[in-house]
1. Could you check, for the range 114-131, whether at least one of its residues is closer than 30 Å to Gln242 by Cβ and among the hydrophobic types (A, V, I, L, M, F, W, C)?
2. Going residue by residue through the range 170-189, is there one that turns out to be of a type in the set (S, T, N, Q) and within 30 Å of Arg237 (Cβ to Cβ)?
3. Look through Gln234, Gln192, Gln197 and report the one residue that is of a type outside the set (A, V, I, L, M), within 21 Å of Ile168 (Cα to Cα) and in a loop (DSSP other than H, G, I, E, B).
4. Being farther than 30 Å from Trp198 by Cβ, surrounded by 13 or more Cβ atoms within 10 Å (Cβ to Cβ) and at pLDDT 90 or above is true for just one of Glu253, Glu258. Which residue is that?
5. Give the range 206-219 a look and list any residue that's surrounded by 14 or more Cβ atoms within 10 Å (Cβ to Cβ) and under 14 Å from Ala238 (Cα atoms), or say none.
6. Confirm whether Glu164 is of a type in the set (D, E, K, R), modelled with pLDDT under 95 and exposed (fewer than 13 other Cβ atoms within 10 Å of the Cβ).
7. In the range 173-187, how many residues are farther than 28 Å from Val204 by Cβ and either touching a Leu at 6+ places or on another chain (Cβ under 7 Å) or surrounded by 13 or more Cβ atoms within 10 Å (Cβ to Cβ) (or both)?
8. Is it the case that Ile175 is in a helix (DSSP H, G or I), in contact (Cβ under 8 Å) with a residue 12 or more places away in the chain and out of contact with any Pro (no Cβ under 9 Å at 6 or more places or on another chain)?
Amino acid sequence: MLNLGFQRWQEKKLDDAVAIAQKVLPNPNLSQEAKNLLKLSQARQLAVATATNWQTSPLHIWNLMSAVEAARQIKPDSRYYATAQTSLKNWKTQLQDVMQLHLAQMTANLGQRQALEFAITQAQQIEVNRPRRLQAQTLVAHWKREVERIEDQPFILRAQKLAEPGTIPALKLAIGEANRVPEGRILRGEAQGLVYQWRRQIEVIQDQPLLSLARLQASQGQLGQAIQTASVIQSGRALYYQAQAAISDWQAEIRRAEMARIEAERKAAAAKDAQKKQTRNGTSIPQQWMKTLSLRRIHPLRQVMNQFLLSKNPLLLLR
């Protein structure tokens, strides 16, 4: 059982190693070695727990000190003595590194440039072959970013102050100041976000008069001229989509007006055709018949009667 427990320890399955050691504890012949395996497993659990966060804490120091103390309690006559001594050396080294990094971190937490630079110097002393080298390099990278923030924040603040008047000259000055934050720096993204915002603001100032003029022309019925004016606002500009939406509305209005004109012309033509048809089928005396009557020599009285009958029904014409 103890061999299986130690195998689980080597595999870093520490919970299993602890459970097996606890099962062996009641055995009086193996009780001491079970205790040693239990101490060694629990010590390693404490040491592993200190590597779960790239930042140090007092708890990490306490855990490593506890692990070191537990390893020291494994006596030379134990089957786990050699393993305990190897672990002891590693955990003592880790404890030294963590204490040094924790001191550096407490200094960096002051937030001043000099404090951050001191912390960076301290962390860089953790050499390549040390167990906490990766953690040290992670902290160094973080603190260097913080130094960059301190160095570049004045550019951002000055740029924001310059942009306050909201005029094109003021915004251009602000853009120039924000662009002083170099590429690859921690505040570069924030600076470029402000630059984009101010450039869009300049475009609005430049193009708003065109869009306002186009809307005025449209309100006066000059839809074609309004479309031409709004089309000057180019793609990619801040007001481009507003201009295109207005153009679409005006084009639709022009189409509706054209369709209404065509419909009105159709109705007028239909009414004219209906009037002509009514004239042909009406009760007026056909001109050919009136001409015939005028050429025939008829007694005046009969002519009067024919005209009367013709007005009522042409078929009743007296011959």
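1. Looking through the range 114-131, none of the residues is closer than 30 Å to Gln242 by Cβ and among the hydrophobic types (A, V, I, L, M, F, W, C).
2. Scanning the range 170-189 turns up at least one residue that is of a type in the set (S, T, N, Q) and within 30 Å of Arg237 (Cβ to Cβ).
3. Values: Gln192 fails: in a loop (DSSP other than H, G, I, E, B); Gln197 fails: in a loop (DSSP other than H, G, I, E, B).
After ruling out the rest, the residue left standing is Gln234.
4. Checking each option against the conditions leaves just Glu253.
5. The answer is Gln206, Asp207, Gln208, Leu210, Leu211.
6. Values: of a type in the set (D, E, K, R): yes; modelled with pLDDT under 95: no; exposed (fewer than 13 other Cβ atoms within 10 Å of the Cβ): yes.
So Glu164 fails the test.
7. 3
8. On the way: in a helix (DSSP H, G or I): yes; in contact (Cβ under 8 Å) with a residue 12 or more places away in the chain: yes; out of contact with any Pro (no Cβ under 9 Å at 6 or more places or on another chain): yes.
Yes.
The values are calculated or read from the model by the stated rules, or taken from the named source; none is laboratory data. Note that the structure is predicted; figures quoted are calculated from it, not measured. Quick reminder, even Gly has a Cβ in these numbers, built from the backbone with ideal geometry, and neighbours come from all protein chains shown.
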